[in-house]
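The values are calculated or read from the model by the stated rules, or taken from the named source; none is laboratory data. Just so it is clear, the model here is predicted, and its values are computed rather than measured. FYI the Cβ positions are ideal-geometry reconstructions off the backbone, even for glycines, and counts take in every protein chain you see. Surface accessibility is based on the protein's heavy atoms, side chains included, excluding ligands, DNA and RNA. Shrake-Rupley method; radii C 1.70, N 1.55, O 1.52, S 1.80 Å.
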Amino acid sequence: MYFAALLARTEDGWEASDTELDDVETLSDLTDLAREASVDDDTVLVFIEQEDAWFGVVRVDGEEDPRIYVSDAAAAARSSYGEILLTDELLGRDPGDDDVADLDSLDLDGTEDGEPEDEADADDEEDVGATAKGEAVPSGPIGDRQVLADLGVDEKELLALDSTDALGEIAEVLGAAEVLETVR
């Protein structure tokens, strides 16, 4: 089960709203959604979590590029919402790396040189984290570990958060726990 919410900073504190991500397909779409919730180009935080597996925080400050932190990239890669956050830039890949391979190098029948694949080898090759494109993704935290430092959650605290209620703990530090709970 997923939970997604926007926290927009205002003069009076934080305002929370739950958000549907059904129409969000890219980080750009998510950033636009956050900017729409912004008051006077102030900070907006997008919280996304998959129950007990991973959480992500996207910070949008006015027209600046979004800053992203994901608690477990491999777990997030297995979810459609997580893949929105796992951009080529965040993963340290060149945007052109996902070009289609030339036809001569494609393995169209699923075997190497026409030989049947050994089932024992297939079990050993299970990847803990892969995007829909089949690219390997590192296990563990990825992204801007200072994304919340100026708001009271430094890198050490962010890395120590357990996925069980990380967003609630972050909201507590921000002074936004009550408003976040209203949209949960």
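Of everything in the range 138-175, what is without any contact (Cβ under 8 Å) to a residue 24 or more places away in the chain and open to solvent by less than 20 Å² (accessible area, probe 1.4 Å)? Give them in sequence order.
VAL153, GLY168
Of the residues VAL57, VAL46, VAL24, only one is over 20 Å from LEU148 (Cβ atoms) and hydrophobic (A, V, I, L, M, F, W, C); which? Lay out the reasoning, then the answer.
Numbers: VAL57 fails: over 20 Å from LEU148 (Cβ atoms); VAL46 fails: over 20 Å from LEU148 (Cβ atoms).
Only one candidate qualifies: VAL24.
May I ask you to list the residues in the range 127-159 that are at pLDDT 95 or above and not in a loop (DSSP other than H, G, I, E, B)?
Hits for the range 127-159 are ILE142, GLY143, ALA149, ASP150, LEU151, GLU155, LYS156, GLU157, LEU158, LEU159.
The rows are residues; the columns are (1) surrounded by 13 or more Cβ atoms within 10 Å (Cβ to Cβ); (2) outside any loop (DSSP other than H, G, I, E, B); (3) basic (Lys, Arg).
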residue: LEU21; (1), (2), (3): yes, no, no
residue: VAL24; (1), (2), (3): yes, no, no
residue: THR31; (1), (2), (3): yes, yes, no
residue: ARG35; (1), (2), (3): yes, yes, yes
residue: VAL44; (1), (2), (3): yes, yes, no
residue: GLU49; (1), (2), (3): yes, yes, no
residue: VAL60; (1), (2), (3): yes, yes, no
residue: TYR81; (1), (2), (3): yes, yes, no
